[in-house]
Amino acid sequence: MGHQLLFLVLVVTYAATAATQTPPHASSSNPTVSMGEGFRSPTVSYSSGRDAICVAGLIPVPVVATNIRQLLSAPTDQPSTTEFIQELLQAGSTLVQRSNGGSFTVADTFRISARLCYPSNLTSAAKVQTIQLLTHGVGLDQSYWDIAPGFSYVDASARAGYATLSYDRLGVGQSDHPDPVQVVQAFTDVEIEHGLVQILRMGGLAKKAFRNVLGVGHSFGSIVKIGTTAKYPEDFDAVILTGFANALQNLPYTILANNPSLARLNHPARFGTLPNGYLVHATPTAIQLPFFRYPFFDQRVFDSQVSRKQTYAVGQLLTLPAILGPSRFYTNPLFVLIGRNDFPFCLGDCTIPNDLAAAVQPALYPAADVARSGSFIVENYILFQVLMATISTPRTQSPTPQRVQSPTITFSPSSTPSSSVRPSVDIPRLDTRSTSPAPANASQRRNRAALRDYYNLKSRAPPPQQNLSRAASITSATSNGTASTLAALEDYPLSPTFRSQLDEENFDAETYVQELLKSSNLRTVLKAEGSLVSEIKNLDGERKALVYDNYSKLITATQTIGTMRRSMDEAGGGSLQTTSMLGPAVDAVAKSVAELSRGIGGRDVSQERERKAAVREERSKRETVRWVLGTPARLRASLEVGDRGAAEADWKEVQGLLGKWKDVRGSAELKAACEEVMSPTLPDGDSAG
């Protein structure tokens, strides 16, 4: 990564009076003028606290997902819905296994309702290079991230200078509502998330190819992030998991507490047209019991969440565990935040039997950048007030869980203490900066370079250094002294010769340390220490991997050499006989060599390289096909916002590919659909005469 992340503790206080500014007019000097690009029927508004200017609409997202064909029908009434939940959660249940009818492919373009927000301060908006992709939890929609003034993640991010894209997951809110059993599954959620990342990186929204994409999830949204990084480890430059711990075995209690009800019967006015298989939390009590801990929430926030409750699908309940697994190749920062009294994952206490937030990284993100990662358990879980601490510098691990006592927020004009349990909005204030990260290995560099080439992205230029005095003061209140000191030292980079001196053949460690102490101040020494600790950890990991990967090869080589020696000894030393014995021995060596390269998993290294190359090539082809399939939707979206130039440029590029694929089944139909979209049309109300 070309930057480092700094997650700050954020204390959000309610503003007594709202800003009175009006949305900026479109002009060439306004960087938000192109925000509507990529949306269908875009509408512009402010965030609840008016710190962000936002555009909302539908984004066509092409999806190719491998789902599970469920051998069951959606429940048709409330008794059958309740029976489904009982059978799903009963002891020794085999419902998931019995319902598995094998895999099938879902290939479609879904309309996803989303909201892109930039800082309303135009100077800050012009500098935006990083965007956060926000994924909500079960029973919520994208409004979770922008509930009210003082309870808005979107506002907090905008004040920190960051863009956000929140969206309604498939089957939620204004997004498409396909088959809730066969199509709306956890696998589809992952592919939609991946598709949105590609759109953001390739400039599909607001004519902006974002340099950095951060994945922020809440509860089920955090599980979707984990599934995405497990399959697409390069998607996110950092991942923030809120309201999550690696304890899925505790979720049945929450599902039962939610008392899932058939959506169309529970609230006919809102969900009456939805098919069977879409569920909602039954009552306000079913929402409070697992999600809100009295008295640590404001009643008006709770009422807002109840009134906005949203749907989830039978297919997601059946497939959720299938996407939760280790993201072994994700190497960027990870941050985990959860309230101490979280019920869904911790059953009310996230410190029992140990720090469940800290346990996420080693279990699910073993290769994450530990030096720039962190976790917090927050007392009296106020999701809008206290969120993040520095993770961009090495820190010593505390033997006890790190906790932050949440302050009180008052709703003007009353003085009712307010805090929010899980269904509230997490608000981080983020910062990116460029320091000297631990060097990536050659494979990582090649992979990242290939991705940049594929998505036509420029190499990341280091952003200008920013003042960290506020970061240092905040960090010192929430982390240990070393982390606080190192955070304050980010403005004092090491000498460019630092690494080169370590690599010299005649390098003398003791002499170097003495010279460093004589010629450098405390800042530089501590900075050197932090950099060395990080690099030592990386080298130690590589050394262990090298020994592990080659251990079986060394054993096989030793056995082969012993066999050759015994064969030659049995030959009696005669040169002719020895030569005659050498042929079979060489054949044995050749055969052994073919097996020597097999690693612990039994794969030939060369075959593994070829397999990975084939996987990358196949993934590249799939992304290209997905992009081409979405052409009619993109062209239509561009034309709807009046940007025919962008549509023509897009169509010209696709035409070239369709020309090469003219013999492929379906290409002619796709070309005809694109030509129909691009054919000159008259404005509504005009006639040919």
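The values are calculated or read from the model by the stated rules, or taken from the named source; none is laboratory data. Because the structure is predicted, anything quoted here is derived from the model rather than measured. Positions of Cβ are generated from backbone atoms using ideal geometry, with glycine treated the same way; all protein chains shown enter the neighbour counts.
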**Item:** segment 220-233, residues that are out of contact with any Leu (no Cβ under 8 Å at 6 or more places or on another chain) and either in a loop (DSSP other than H, G, I, E, B) or crowded, with 20+ Cβ neighbours inside 10 Å (or both)
**Value:** 224, 228, 229, 232, 233
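Quick grid of which residues meet (1) of a type in the set (A, V, I, L, M, F, W, C); (2) assigned to a helix (DSSP H, G or I):
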residue: 252; (1), (2): no, yes
residue: 264; (1), (2): no, yes
residue: 270; (1), (2): no, yes
residue: 279; (1), (2): yes, no
residue: 288; (1), (2): no, yes
residue: 293; (1), (2): no, no
residue: 296; (1), (2): yes, no
residue: 303; (1), (2): no, yes
residue: 319; (1), (2): no, yes
**Message:** Quick check on my filter: what residues within segment 77-96 are exposed (fewer than 12 other Cβ atoms within 10 Å of the Cβ) and either part of a loop (DSSP other than H, G, I, E, B) or small (Gly, Ala, Ser) (or both)?
**Reply:** 77, 90, 91, 92, 94
**Request:** Consider residue 188 carefully, then state whether it is within 18 Å of residue 277 (Cβ to Cβ), out of contact with any Cys (no Cβ under 6 Å at 6 or more places or on another chain) and not in a loop (DSSP other than H, G, I, E, B).
**Result:** yes
**Message:** Within segment 331-354, does at least one residue satisfy the condition of being touching a Lys or Arg at 6+ places or on another chain (Cβ under 8 Å) and in a helix (DSSP H, G or I)?
**Reply:** no
**Asked** For segment 327-344, how many residues meet the condition of being surrounded by fewer than 24 Cβ atoms within 10 Å (Cβ to Cβ), aromatic (Phe, Trp, Tyr) and touching a Ser or Thr at 6+ places or on another chain (Cβ under 8 Å)?
**Response** 1
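Go through segment 126-142 and give me each residue that's modelled with pLDDT of 95 or more and of a type in the set (Gly, Ala, Ser).
Those that are modelled with pLDDT of 95 or more and of a type in the set (Gly, Ala, Ser): 137, 139.
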**Prompt:** Does residue 186 satisfy the criteria of being of a type outside the set (Ser, Thr, Tyr), more than 30 Å from residue 318 (Cβ to Cβ) and touching a residue at least 40 places away in the same chain (Cβ under 8 Å)?
**Reply:** no
**Asked** Being farther than 21 Å from residue 148 by Cβ, modelled with pLDDT under 90 and assigned to a strand (DSSP E or B), is that true of even one residue in segment 362-383?
**Response** yes
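Consider residue 159 carefully, then state whether it is assigned by TED's automatic domain parsing to the domain that holds residue 222, more than 30 Å from residue 624 (Cβ to Cβ) and not aliphatic (A, V, I, L, M).
Yes, satisfied.
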**Request:** Return yes or no: is residue 334 at pLDDT 90 or above and in contact with an Asp or Glu (Cβ under 8 Å, 6 or more places away or on another chain)?
**Result:** yes
**Request:** Could you check, for segment 64-72, whether at least one of its residues is surrounded by fewer than 21 Cβ atoms within 10 Å (Cβ to Cβ), over 25 Å from residue 195 (Cβ atoms) and either outside the structural domain of residue 312 (by TED's automatic domain parsing) or not basic (Lys, Arg) (or both)?
**Result:** yes
**Message:** Among the listed residues 200, 196, 214, identify the single one that is outside any helix (DSSP H, G or I), buried (at least 20 other Cβ atoms within 10 Å of the Cβ) and aliphatic (A, V, I, L, M).
**Reply:** 214
**Request:** Using the structure shown, decide if residue 299 is polar (S, T, N, Q) and surrounded by 19 or more Cβ atoms within 10 Å (Cβ to Cβ).
**Result:** no
**Item:** Odd one out for residue 324, checked against (1) touching a Ser or Thr at 6+ places or on another chain (Cβ under 9 Å); (2) under 27 Å from residue 355 (Cβ atoms); (3) of a type outside the set (Gly, Ala, Ser)
**Value:** (1)
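Residues checked against (1) assigned by TED's automatic domain parsing to the domain that holds residue 325; (2) farther than 20 Å from residue 79 by Cβ; (3) buried (at least 19 other Cβ atoms within 10 Å of the Cβ):
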| position | (1), (2), (3) |
| --- | --- |
| 235 | yes, yes, yes |
| 241 | yes, yes, yes |
| 251 | yes, yes, yes |
| 260 | yes, no, yes |
| 269 | yes, yes, no |
| 273 | yes, yes, no |
| 277 | yes, no, yes |
| 284 | yes, yes, no |
**Prompt:** Quick one: would you say residue 95 is closer than 30 Å to residue 623 by Cβ, outside the structural domain of residue 638 (by TED's automatic domain parsing), touching a helix residue (DSSP H, G or I) at 6+ places or on another chain (Cβ under 6 Å) and not basic (Lys, Arg)?
**Reply:** no
**Request:** Counting only residues that are under 20 Å from the mean Cα position of the chain (by Cα) and over 18 Å from residue 44 (Cα atoms), give me the strands (runs of 3 or more DSSP E) lying completely in segment 111-181 with at least 2 of them.
**Result:** 130-135
**Asked** In this structure, does residue 55 turn out to be more than 28 Å from residue 279 (Cα to Cα), β-branched (Val, Ile, Thr) and buried (at least 21 other Cβ atoms within 10 Å of the Cβ)?
**Response** yes
**Message:** Taking the criterion of being at pLDDT below 95, crowded, with 23+ Cβ neighbours inside 10 Å and farther than 12 Å from residue 135 by Cβ, would at least one residue in segment 159-179 satisfy it?
**Reply:** yes
